[in-house]
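This report concerns only the one structure given below.
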Amino acid sequence: MSMQKAVDNSRSSNAGLSMDNQEKLLADALQNVRQHAFAMKRVLDQQSVMEGLKHAANMLGELRTSLLSPKNYYELHVVVVEELHHLELYLTDEFEHGRGSHDLYEVVQYAGNIVPRLYLLITIGHVYIRANELPRREVLRDLVEMCRGVQHPLRGLFLRNYLLQCVKSLLPDTEEENQEATKTGTILDSLDFILLNFSEMNKLWVRMQYQGHTRDLQRREQERRELRILVGTNLVRLSELECVNVERYKTIVLPKIMEQVVSCRDSIAQEYLMECIIQVFPDEYHLNTLNEFLKACRELSASVNIRNILISLIDRLTAYSTRDGSQQNIPENIQLFDIFSEQIAEVVKSRINMPPEDIVALQSALLNLSLKCYRDQFEYGNKVLENTRKIFDNIALDTQVQTGTPAAKELVKMLKIPIDCYDILDVLKLNHYKLVLQLLSYRERHTVCMYIINSILDKETIIPTAEQVTQLFELLLTLIIDQTDSPLETSRQTITNEDFVEEQNLVARLYNNFQAPNDPDQQYHIIKICQDTFKNGGLERMRFTYPPIIMQAYALTFRYKNIREQDEKWEKKCQKLFQLCNQLINTLTKLETNDLPLRLYLQGALAASEIGSENAETIAYEFFSQAYTLYEEQAGDTRAQSASLTLLIGTLEKVTCFAEENHSTLRQSLTQAATRLVKRPDQVRTLLLCTHLFWSAQRLNESTQKSEQVHDNEKVLACLKKATKLTTQIMDQSVQVQLYNELLNTYIYFFNQNLPDIDITLLNSLIEKLQNEMSKISSNENDEFIRNQIQKTFDYLRQQSQLEKFQGLQINN
Amino acid sequence: MATIDADNRREIARLPSRPISLEDRYDPPANFLEIEVLNPETHGFGNKRYTDYEIRMRTNLPVFRLKECSVRRRYSDFEWLRKELERDSKIVVPSLPSKAWQRQVPAFLRRDDGIFEDEFIEERRKGLEQFINKVAGHPLAQNERSLHVFLQDTTIDHDKYVPGKVRNS
């Protein structure tokens, strides 16, 4: 039965293979084609049809070659078909003018070689059908069967493709036969035609696999892939027929296609054609033939990548079901989830060598389906997650999926799906989510956790209950406490490690989304839970995670104050909150930066003062003194100290709940501290700040229970005098002048405040002093700044000199 | 496929054909035959040296018992095969690459290594490959037992060998 052409095959394919050879062959062929085409056109112009056909046959002879690669054959084919079109136009024209010859269909069959013969036959057939010379149905049948004469894969494929293109507009697309004598055929004839053409083309296409030497296999497979569209066009043509409905698709079209796809056992063909079917036919059809399609999938050859086919189908149907925002496109009786879930399980069972990442990808697609199509039914999504976990437990219990593997990547992708589809509150309802998360190694868990947090922050989701916070923390544990499987755990936890900083900042930011809007007690629970969770994270993490808790706690005290009418225990609750903060800040002092705890204490003191609860003063005093202790510990760092002292002074000025005893203790300590600073300029400036402590700072009057300003004239003046004296001791001229300016400004302020003993004379003397000193400073850049400052002071004074208060002011330019 | 009605036109009349089964459609064609001559190796020392080649064969032709095999043969084995075929089969057997008498002149008289020269071995290998492919592809040669023994028996046992025909299994 078989022809022993083995030797000829290898010889002929080797001969034409080299690149230059191919180019030359193609160029020669094209030139011949053009020559024959030119001759053909010339004789057609002279109305000699027979001569024209002869030249056409010669031209078509170039398509008989075995020497060209598929790509080059295609190029040749394109040119030939273009030229052939002229012939077709000529003949059509002849018929339109009533001059057509009636025997051409027979005449061309005398052409000597089959390839030209069939191309001409197809062309003439096309013309004759259009001109109603021959019955459509018979001719179409004839053509598709005659093409069997070319069994060479490459030539056959292109020939049948030409046939398909030619009859594009001629395929009958009606339900019923027309009533005229010449039968045109119905949709069933078209189906027969295309399905036959398809099966023959598929046969030829698969046969290409075996042509030639085994060492050229890769190249051949690549060439086959390049030609796949030729076969696929048949399916496209089927989908374009209007009379094909769901019923016909299910009973005629799909079974016939599947028969060919399954029995050809060729993986290139199967992968392409299954994919093609999914893309080309409408989703409605797929919905109604799911079982048949999936059954065929199971029968595909073992090396076919079934994962992509199934995922393509699932994704398409998922998109279909959620189109236009509704979930109603799927009819009730089609339980998509169940069908796919079962089928995937069958597929996985039947393919024992399926790599885990493919299984996960399938589960991911299924998860996507369940989340999008069954949005409010969490049990579907849960089931998928549970199954995924089971699969890995079956492979290797208690082992993590190794980091960086394709399986790990697919799992990460899978875990991102619910985060994208839902907001976190719904994700928390998928209680098997964490089972799958636990499968991953450190790096992937880390990625997923970061993704979760970023999603919450982007979507601005509020998490209102303590229970949900707990559940969320369970998921995010990887970022919160030390992990046993993390590399270099301790060494990476430094503030110089950008990743660590970024990660902990995100966790901290998360805190802002924990809000129980109408329930302060719930908020308190949330705070407690955060504290319990974060305290296990290690000191370096606390640096980031404690401050938000503390700030929220302060904010909560304000909330309690607001509802003090409804809640009689509000003061006790505030007390507890402050105690908590005390504890937390205390822990933070173990870190090297004293700045943060110090600020937090001061903030607490302010908060307590604002709240004004029954032991606000005690609390505020405690916090303040803690801050002061921290200040004292900064002894070595002059710059830090002066900054901290400034903070302390500023805070004290605002705190209003201290009674005189406490307040005066603090005033004095701070003032003394100011004078004990090492650098003179710092001393001066801080003293100037202290003046306000004796003036506008408020203390609690115990008899009236109201706060009042200190207004201690003497002490204010004492400070000012001390500051002035210290200024005279400064050696650096520019700094001294600058400080004189600052002194002057403070005096002006108190002058405006009507402090007795500060009168216009005093101001004048200061102005004079300053003006004298001004000449001492140089005119370089730094001092330019100082000059400007002084100018501003003078400008202000000049403005004010109009006022009655400032009568007698001596200021000149 | 519907039958054509009786008053069909001459130009579209044709013979009815038998549909082919799905297996026949898609099975790999049973004409696959590849023989490679590879890996020349020179054995022995001094005067007693000889070179042999690996003959690797892959096929799906029904007439061959083994679908894949690999044996080692030397030039004289090829000569033996040729002689057998010339005598028993009706084909015109192609010629082998030359015997290279010149090169077999004693070593001390030649400047190079004679028949163990790499270039020469490569030339000979190509020639032998061409020869065996032409021969094995011929249906009449495929009927000769000598060809099967040559291609598929591990060694050619000249004592046991009896010339004869092989029928399609």
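The values are calculated or read from the model by the stated rules, or taken from the named source; none is laboratory data. Treat the numbers as computed from the prediction; the structure is a model and nothing was measured. Quick reminder, even Gly has a Cβ in these numbers, built from the backbone with ideal geometry, and neighbours come from all protein chains shown.
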Worksheet item: Checking A:Asp192 against (1) modelled with pLDDT of 95 or more; (2) farther than 23 Å from B:Pro29 by Cβ; (3) within 12 Å of chain B (Cβ to nearest Cβ), which single condition isn't satisfied?
Response: (1)
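Suppose we filter the range A:28-43 for residues that are of a type in the set (Lys, Arg) and touching a residue at least 40 places away in the same chain (Cβ under 8 Å); how many remain? Show your work before the answer.
Here is the first cut: in the range A:28-43, the ones of a type in the set (Lys, Arg) are A:34, A:41-42.
So of that shortlist, the ones also touching a residue at least 40 places away in the same chain (Cβ under 8 Å) come out as A:34, A:41.
Adding up the residues that qualify gives 2.
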Response to the item:
Subset of the range A:619-655, residues crowded, with 22+ Cβ neighbours inside 10 Å and not in a helix (DSSP H, G or I), comes to A:Val655
Worksheet item: Mind checking which residues of the range A:201-220 are more than 14 Å from A:Pro70 (Cα to Cα), surrounded by 14 or more Cβ atoms within 10 Å (Cβ to Cβ) and either within 9 Å of chain B (Cβ to nearest Cβ) or polar (S, T, N, Q) (or both)?
Response: A:Asn202, A:Lys203, A:Val206, A:Arg207, A:Tyr210, A:His213
Discussion item. Just to be sure I understand the filter: pairs with C-beta atoms under 9 Å, separated by 6 or more residues or on different chains, first member in the range A:325-339 and within 16 Å of A:Phe378 (Cα to Cα) and at pLDDT below 65, second member surrounded by 15 or more Cβ atoms within 10 Å (Cβ to Cβ) and not hydrophobic (A, V, I, L, M, F, W, C). Which pairs pass?
Written reply: A:Gln327/A:Ser321; A:Gln327/A:Lys372; A:Gln327/A:Tyr374; A:Gln327/A:Arg375
Worksheet item: Yes or no: B:Ile12 modelled with pLDDT of 85 or more and surrounded by 15 or more Cβ atoms within 10 Å (Cβ to Cβ)?
Response: no
Worksheet item: Which number in (1) in contact (Cβ under 8 Å) with a residue 12 or more places away in the chain; (2) touching a strand residue (DSSP E or B) at 6+ places or on another chain (Cβ under 9 Å) marks the one condition that A:Lys706 misses?
Response: (1)
Item to complete: Give the range A:194-249 a look and list any residue that's of a type in the set (Ser, Thr, Tyr) and either out of contact with any Asp or Glu (no Cβ under 7 Å at 6 or more places or on another chain) or under 23 Å from A:His77 (Cβ atoms) (or both), or say none.
Response: A:Ser199, A:Tyr210, A:Thr233, A:Ser239, A:Tyr249
Practice prompt. For the range A:239-247, indicate whether the set of residues that are touching a helix residue (DSSP H, G or I) at 6+ places or on another chain (Cβ under 6 Å), crowded, with 19+ Cβ neighbours inside 10 Å and free of Cβ contacts under 8 Å to residues at least 60 places away in the same chain is non-empty.
Written response: no
Response to the item:
Every listed condition ((1) closer than 28 Å to A:Glu292 by Cα; (2) over 43 Å from the mean Cα position of the chain (by Cα); (3) touching a residue at least 40 places away in the same chain (Cβ under 8 Å)) holds for A:His213 save (1)
Worksheet entry | Selection status of A:Thr724, over 58 Å from the mean Cα position of the chain (by Cα), surrounded by fewer than 17 Cβ atoms within 10 Å (Cβ to Cβ), among the β-branched types (Val, Ile, Thr) and under 28 Å from A:Asp757 (Cβ atoms) | no
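Give the range A:650-662 a look and list any residue that's farther than 9 Å from A:Ala697 by Cα and within 48 Å of the chain's Cα centre (by Cα), or say none.
Within the range A:650-662, A:Gly650, A:Thr651 qualify.
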Worksheet item: Which of (1) buried (at least 22 other Cβ atoms within 10 Å of the Cβ); (2) away from chain B (no Cβ under 13 Å); (3) more than 47 Å from the chain's Cα centre (by Cα) does A:Val139 not meet, given it meets every other one?
Response: (2)
Worksheet item: Identify, please: which residue in the range B:15-27 is closer than 26 Å to B:Glu68 by Cβ and more than 7 Å from chain A (Cβ to nearest Cβ) and is, among those, surrounded by the fewest Cβ atoms within 10 Å (Cβ to Cβ)?
Response: B:Glu23
Item to complete: Would you point out which residue out of A:Leu630, A:Leu648, A:Leu693 is at pLDDT 90 or above and on the phi < 0 side of the Ramachandran plot?
Response: A:Leu648
Worksheet item: What pairs come up if the first residue lies in the range A:273-286 and is part of a helix (DSSP H, G or I), the second is charged (D, E, K, R), and their beta carbons are under 7 Å apart, counting only those six or more places apart or on different chains?
Response: A:Ile278/A:Arg316; A:Asp283/A:Arg316
Item to complete: Grab the strands (runs of 3 or more DSSP E) fully contained in the range B:28-145, keeping just those with 2 or more residues being surrounded by 14 or more Cβ atoms within 10 Å (Cβ to Cβ) and free of Cβ contacts under 8 Å to residues at least 60 places away in the same chain.
Response: B:50-59, B:68-74
Worksheet entry | Number of positions in the range A:290-303 that are surrounded by fewer than 20 Cβ atoms within 10 Å (Cβ to Cβ) and not in a helix (DSSP H, G or I) | 4
Worksheet entry | Odd one out for A:Leu596 among (1) within 21 Å of A:Leu556 (Cβ to Cβ); (2) in contact with a strand residue (DSSP E or B) (Cβ under 7 Å, 6 or more places away or on another chain) | (2)
Discussion item. Out of everything in the range A:428-469 that is at pLDDT 90 or above and among the hydroxyl-bearing types (Ser, Thr, Tyr), what residue ends up being surrounded by the fewest Cβ atoms within 10 Å (Cβ to Cβ)?
Written reply: A:Tyr451
